[in-house]
Amino acid sequence: MISLLTLIVVVLAILAVARIVRILELVHVLGGEEEDLITDKDNKTNGILFIVFMIVGFASMIYFTIDAKKYLLPVAATKHGVLTDSYLNLNFALIIVVFFITEILLFYFAFKYRHRKGGEGIFLPVNHKLEFIWTIIPAIVLFGLIIYGLKLWNNITAPAPKNAMVIEIYGKQFDWSARYAGSDNVLGHSSFKLITDDNPLGVDVNDPHAKDDKVELNKEVHFPVGTPIIMKFHSRDVIHSAYFPHLRSQMNCVPGMTTEFFMETTITTDSMRQITKNPKFDYVLLCNKICGV
């Protein structure tokens, strides 16, 4: 009820202000002041206010951008994560440069080309040179970003070395389990048809490759630093999304399918604790769908 009354009061206040403004306009017209209603001084004041607004806006944006750094992820802890971060930073740098140029011109033009008595505007219906410039330059920049991005993508998705360590991540509501390939570095066959209370991952115990597999149910997952790792993902129930934010890695876990990616970690937990100055830091594995943590 209070919210409704507050809304009614606000609406009535807006209507009252609008009517008062309209009455003042009519007073000026009836008093023969219509020509002087907006003066050059008023336009200059508005132009100056545009510049002030731009300066305050830039200062606020810079301040809040710097302040937001404390909420960002620390350095990437994988080789491909460093590459994707550098590519993202390059995009941000270009966006910032374009942002400052366009906004400065926008507010400067609002000041410079404010209306003046006796001033005349020039109508330019077409300027092929200008259109050529603002079409070709962005096209070249975007083409360069695409080529560089494809090069990074090919690097990240390159085939893993033959000696890469194999780890399976198995998701279900609401926990993760891991299975490490043993000394043969080959995971034994598994199937949802073989899932039981004693065999929650459905591993085929008759498969010779499964004899040395090690299963960790709902516990920590360990990635050795400097070792190429092939991550294989499965789901028991619905689509999950295995998300390693500090490793800049994510992969959907789809029931009935095997999805995978290759990565190589570069920073240990102890080293990351020193980097973040957080003695309690631990890497996390999240479900980036509905499950969350």
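Here are a few things to note about the model shown:
- Residue within the range 186-195 that is farther than 25 Å from LYS79 by Cα, among the hydroxyl-bearing types (Ser, Thr, Tyr), open to solvent by 80 Å² or more (accessible area, probe 1.4 Å) and out of contact with any Leu (no Cβ under 8 Å at 6 or more places or on another chain) present: no
- Cβ separations smaller than 6 Å between residues 6+ apart or across chains give the following pairs from the range 144-169 residues that are within 11 Å of PHE262 (Cβ to Cβ) and open to solvent by less than 100 Å² (accessible area, probe 1.4 Å) to residues that are among the small types (Gly, Ala, Ser) and at pLDDT below 95: VAL166/ALA181.
- Any hit, the range 219-232, residues being open to solvent by 30 Å² or more (accessible area, probe 1.4 Å), in a loop (DSSP other than H, G, I, E, B), out of contact with any Phe, Trp or Tyr (no Cβ under 6 Å at 6 or more places or on another chain) and farther than 29 Å from MET272 by Cα: no
- Evaluation of ILE38 against (1) in a loop (DSSP other than H, G, I, E, B); (2) of a type outside the set (Phe, Trp, Tyr); (3) open to solvent by 90 Å² or more (accessible area, probe 1.4 Å); (4) in contact with a Lys or Arg (Cβ under 8 Å, 6 or more places away or on another chain) (one fails), failing number: (4)
- Qualifying residue in the range 70-80 (condition: among the polar types (S, T, N, Q), in contact with a Leu (Cβ under 7 Å, 6 or more places away or on another chain) and touching a residue at least 40 places away in the same chain (Cβ under 8 Å)): yes
- Evaluating ILE275 against the criteria (1) in a loop (DSSP other than H, G, I, E, B); (2) out of contact with any strand residue (DSSP E or B) (no Cβ under 8 Å at 6 or more places or on another chain); (3) surrounded by fewer than 19 Cβ atoms within 10 Å (Cβ to Cβ); (4) among the aliphatic types (A, V, I, L, M) leaves one unmet condition, (1).
Table: residues versus (1) touching a Leu at 6+ places or on another chain (Cβ under 8 Å); (2) at pLDDT 90 or above; (3) within 30 Å of ARG236 (Cα to Cα).
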position: THR102; (1), (2), (3): no, yes, no
position: TYR113; (1), (2), (3): no, no, no
position: ARG116; (1), (2), (3): no, no, no
position: GLY119; (1), (2), (3): no, no, no
position: LEU130; (1), (2), (3): no, no, no
position: ILE137; (1), (2), (3): no, yes, no
position: LYS162; (1), (2), (3): no, no, yes
position: SER183; (1), (2), (3): no, no, yes
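- Those residues of the range 39-95 which are in contact with a helix residue (DSSP H, G or I) (Cβ under 9 Å, 6 or more places away or on another chain) and among the small types (Gly, Ala, Ser), in sequence order: GLY47, GLY57, ALA76, ALA77, GLY81, SER86
Table: residues versus (1) farther than 22 Å from LYS70 by Cα; (2) open to solvent by 40 Å² or more (accessible area, probe 1.4 Å); (3) assigned to a strand (DSSP E or B); (4) of a type in the set (Lys, Arg).
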residue	(1), (2), (3), (4)
ASP212	yes, yes, no, no
HIS234	yes, no, yes, no
MET257	yes, yes, no, no
PRO279	no, yes, no, no
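- Number of positions in the range 49-80 that are within 25 Å of LYS117 (Cβ to Cβ) and open to solvent by 80 Å² or more (accessible area, probe 1.4 Å): 3
The values are calculated or read from the model by the stated rules, or taken from the named source; none is laboratory data. Keep in mind that what you see is a predicted model, and the values were worked out from it rather than measured. Note that we place each Cβ from the backbone using ideal geometry, even for glycine, and neighbour counts take in every protein chain shown. Accessible surface areas use protein heavy atoms only, side chains included; no ligands, DNA or RNA. Shrake-Rupley method; radii C 1.70, N 1.55, O 1.52, S 1.80 Å.
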